[in-house]
Amino acid sequence: MASITGIGSYLPNKILTNYDLEKMVDTTDEWIIQRTGIRERRIVENGMITSDLATEASLRAMEDAGVTAEELDMIISSTITPDHIFPSTSCYIQQKLGATRASAFDILAACAGFIYAMSIGQSFVNSGAMKTVLIVGAECLSKITDYTDRATCVLFGDGAGAAIIQKSRTKHEILSTNLAADGIQADVLIMPGGGAKNPASLESVQQRMHYIQFKGKEVFKLAINNITNMILETVEKNGLRLKDIDLIIPHQSNLRIIEATMEKLGLPMEKAFVNIDKYGNTSSASIPIAIDEARKEGLLHKGNIVMLVAFGGGLTWGSSIIRW
Ligand SMILES: CC(C)(COP(=O)(O)OP(=O)(O)OC[C@H]1O[C@@H](n2cnc3c(N)ncnc32)[C@H](O)[C@@H]1OP(=O)(O)O)[C@@H](O)C(=O)NCCC(=O)NCCS
């Protein structure tokens, strides 16, 4: 059975606090904490880019799994902040790791991207077509965040997390992955500039199209409903009950989204892992960073049933159940 045999994460050192943001836009530490749960986030510096963050996280996951670069069969990277639109960031990760045997491609499923990557990796490993797959979620969201817009700039941060997927009898078994999308809502969370529709131009820059834009309240409601339903569906599909879940590791987009979801499910907040206060929303990096931290905090024990769940632009969402 496809399993997670190694996990690693990497966060840049530079911290951007709510107090720093108070000096940049009309906001307060109190408003940000109350409405989002975020206290600080990490920001890249010194020319560091997405493939660098991804490579650091990948090296840690590979060390954890005891896997060398030559053993990697495939690299799947998930990001909305690729080094370039093309070639893929995965090819740069392959280059930086020296993983010369690995095929490499990116996927784009925004904040749900790590779960999408896990689903693809799991399928390749379970089918026997690949032995060792590296999946990595990495983001430099600071590069597409409008630091003049108080509604969006308080939310996002940079970081990366990675996992190795292999067949294993002793490691953390991926019991299922579930994916969903709703393209009807594609425009509620978007970076409109830089693609075929609005290629870079003076106008696209003047209209600030190269930054994340969202309809905050709509995304907020859609996130709670879709995440709640997906958790319930996933539990049922796996013949489990809600009370069988030892820990939910949700995408960290807003503490109030996590709290409202737990309330709807009738589960106590102690069953949800939260680290949004330190890193904000790191999109596809959020889930693997959270898994790594939950493990380091001693929250994951052998045999635990762990639910991963993420929601984001597309709209896309997904879940996975891991037997730790
Ligand atoms: C963005 C978000 C935090 C806003 O929280 P909210 O409770 O919905 O706040 P509102 O948008 O209703 O704004 C309330 C007020 O605060 C103001 N405000 C917005 N950002 C502010 C900030 N950083 N500091 C101070 N005030 C702010 C608004 O202008 C508004 O003022 P008004 O009442 O005078 O018009 C919340 O909607 C959210 O997290 N949405 C999802 C965002 C998203 O897409 N994330 C990615 C998904 S994975």
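The values are calculated or read from the model by the stated rules, or taken from the named source; none is laboratory data. No experiment lies behind these values; they were computed from the predicted model shown. Every residue, glycine among them, receives a Cβ derived from its backbone with ideal geometry; neighbour counts consider all protein chains shown.
Scanning the stretch 3-13 for residues that are surrounded by 15 or more Cβ atoms within 10 Å (Cβ to Cβ) and outside any strand (DSSP E or B) yields Leu11, Pro12.
Residues in the stretch 203-213: is at least one assigned to a loop (DSSP other than H, G, I, E, B), among the basic types (Lys, Arg), surrounded by 12 or more Cβ atoms within 10 Å (Cβ to Cβ) and at pLDDT 95 or above?
Checked the stretch 203-213: at least one residue is assigned to a loop (DSSP other than H, G, I, E, B), among the basic types (Lys, Arg), surrounded by 12 or more Cβ atoms within 10 Å (Cβ to Cβ) and at pLDDT 95 or above.
When restricted to residues that are basic (Lys, Arg) and in contact with a Phe, Trp or Tyr (Cβ under 8 Å, 6 or more places away or on another chain), the stretch 286-324 contains 1. The residue pairs whose first member lies in the stretch 106-118 and is within 9 Å of Ile76 (Cβ to Cβ), whose second member is in a helix (DSSP H, G or I) and more than 13 Å from the ligand (Cβ to nearest atom), and whose beta carbons are closer than 6 Å, counting only pairs six or more residues apart or on different chains, are Asp106/Thr89; Asp106/Ser90; Ile107/Tyr116; Ile107/Ala117. When the stretch 223-257 is filtered for residues that are under 14 Å from Gly312 (Cβ atoms) and among the hydrophobic types (A, V, I, L, M, F, W, C), the ones remaining, listed by number, are Ala223, Ile224, Ile227, Met230, Ile257. Applying a threshold of 7 Å to beta carbon distances and a minimum spacing of six or more residues, or different chains, the list of pairs starting in the stretch 23-41 at a residue that is assigned to a helix (DSSP H, G or I) and ending at one that is among the acidic types (Asp, Glu) reads Asp29/Glu22. Checked against the criterion of being in contact with a helix residue (DSSP H, G or I) (Cβ under 9 Å, 6 or more places away or on another chain), away from the ligand (no atom under 16 Å from the Cβ) and aromatic (Phe, Trp, Tyr), the candidates Phe311, Phe273 yield just one match: Phe273.
Of the residues making up the stretch 182-197, those that are under 15 Å from Val219 (Cα atoms), out of contact with any strand residue (DSSP E or B) (no Cβ under 9 Å at 6 or more places or on another chain) and among the hydrophobic types (A, V, I, L, M, F, W, C) are Ile184, Ala186. In the stretch 63-74, the count of residues that are assigned by TED's automatic domain parsing to the domain that holds Ala163 and within 16 Å of the ligand (Cβ to nearest atom) is zero. Against the numbered list (1) in a loop (DSSP other than H, G, I, E, B); (2) more than 11 Å from the ligand (Cβ to nearest atom); (3) of a type in the set (S, T, N, Q), Thr234 comes up short only at (1). Filtering the stretch 84-143 to residues that are part of a helix (DSSP H, G or I), farther than 19 Å from Asp64 by Cα and not hydrophobic (A, V, I, L, M, F, W, C) leaves Thr89, Ser90, Tyr92, Gln95, Gly113, Tyr116, Ser119, Ser123, Asn126, Ser127, Ser142, Lys143. Every condition in (1) assigned to a helix (DSSP H, G or I); (2) within 17 Å of the chain's Cα centre (by Cα) is met by Ile80 except one, and the failing one is (1).
Among the residues of the stretch 50-97, those identified as polar (S, T, N, Q) and closer than 14 Å to Gly161 by Cβ are Thr50, Thr55, Ser58, Ser77, Ser78, Thr79. Pairing residues of the stretch 205-220 that are under 16 Å from Ser283 (Cβ atoms) with residues that are modelled with pLDDT of 95 or more and within 9 Å of the ligand (Cβ to nearest atom), at Cβ distances under 6 Å and at least 6 apart in sequence or on separate chains, gives Ile212/Thr152; Phe214/Leu189; Val219/Val188; Val219/Leu189. Scan the stretch 152-168 for residues that are outside any strand (DSSP E or B) and in contact with a strand residue (DSSP E or B) (Cβ under 8 Å, 6 or more places away or on another chain) and the total you get is 4. Note on the stretch 260-277: residues that are part of a helix (DSSP H, G or I) and in contact with a strand residue (DSSP E or B) (Cβ under 8 Å, 6 or more places away or on another chain) amount to 4. Residues of the stretch 157-216 being farther than 23 Å from Arg41 by Cβ, in contact with a Lys or Arg (Cβ under 6 Å, 6 or more places away or on another chain) and not aliphatic (A, V, I, L, M), which ones? Scanning the stretch 157-216 gives a single hit, Glu173. Residues satisfying the criterion are present in the stretch 249-258 (criterion: assigned to a strand (DSSP E or B), at pLDDT 95 or above and within 11 Å of the ligand (Cβ to nearest atom)).
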